[in-house]
Amino acid sequence: MTMTPAEGDKILSANFAPWVLDLGLTVEEVGEDRAVLRLPWSERLAREGGGLSGQALMAAADTATVIAVSAARGGFVPMTTVQQSTSFQRAVTGADVLIEAVLTKLGRRMAFADITLSDAESGALAARASTVYAILA
């Protein structure tokens, strides 16, 4: 059974630190090997010049991976980031960001994902990330 966005939102609220919740992320879509989250635009997250901060984008990519792994495993299990690499391609100003995490490999103890972060209004690619997670349970 595929996880619903509402179930993904419950995983967010029950398992993430308050500062991650302060980003305002919401789960837009969930599939068997993927998750799409929305990071709403906020002046609080903008850097000098108005671009959304890289730290917020990296946290969103990391969080989207947890939701994708949870969807693939049928629910949340304890896990931790082993590696994350992010390449920023353009600034996002004044627009929400859609974060799509796609699992490329899911094993019993490790998960690998590729993440795209796009301007929700224009669809322009803002960043790409890759993550590696250790599954602890």
| request: Report, to the nearest 10°, how far helix 54-73 tilts away from the longest principal axis of the Cα atoms in the chain, using its own Cα long axis and a range of 0 to 90°. | output: 30 degrees
| message | Please give the charge dipole size of the chain, origin at the Cα centre, charges +1 on K and R Cβ atoms and -1 on D and E Cβ atoms. Round to the nearest 20 debye. | response | 500 debye
| note | Summing -39500 (n - 2.57) over every DSSP H run of at least 4 in the chain, dividing by its residue total and rounding to the nearest 500, the 222 nm mean residue ellipticity is -8000 deg cm²/dmol
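Where the convex hull is taken over the Cα atoms of region 80-137, what is its projected area averaged over directions, in nm²?
The orientation-averaged projected area of the Cα hull of region 80-137 comes to 4.2 nm².
Return one whole number: the accessible area per residue of region 1-49 in Å², for a 1.4 Å probe.
65 Å²
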| query | Against the longest principal axis of the chain, how steep is helix 5-15, in degrees 0 to 90 to the nearest 10, with axes from Cα atoms? | reply | 90 degrees
| Carbon + sulfur, % of accessible area of region 93-137 - ligands and nucleic acids excluded, 1.4 Å | 52 percent
| request: Take every Cα-Cα distance within the chain, group them into 10 Å bins from 0 onward, and report for each bin the whole-number percent of pairs it holds. | output: 13, 47, 32, 7, 0
| task | Using θ = phi - 60° and the Karplus relation 6.51 cos²θ - 1.76 cosθ + 1.60, list the HN-Hα couplings for region 32-43 in order, rounded to whole Hz, with x at every Gly or Pro. | result | 5, 9, 7, 8, 10, 10, 10, 9, x, 4, 8, 4
| request: Run the 1.4 Å probe and let me know the accessible area of Ser130, rounded to the nearest 10 Å². | output: 40 Å²
| note | Note, Gly123: beta-carbon cut-off 13 Å, +1 each Lys/Arg, -1 each Asp/Glu, net -3
| Ala91 versus Glu121: modelled label distance in nm, points set 7 Å from Cα along the beta carbon direction | 1.4 nm
| Normalised by the number of residues in the chain, what is the relative contact order in percent for Cα pairs under 8 Å and 6+ residues apart? | 24 percent
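The values are calculated or read from the model by the stated rules, or taken from the named source; none is laboratory data. Every value quoted in this text rests on a predicted model; they were computed, and no experiment measured them. Glycine also receives a Cβ, built like all others from the backbone with ideal geometry; neighbour counts cover every protein chain displayed. Areas reflect the complete protein model, heavy atoms only, side chains present, ligands, DNA and RNA absent. Shrake-Rupley method; radii C 1.70, N 1.55, O 1.52, S 1.80 Å.
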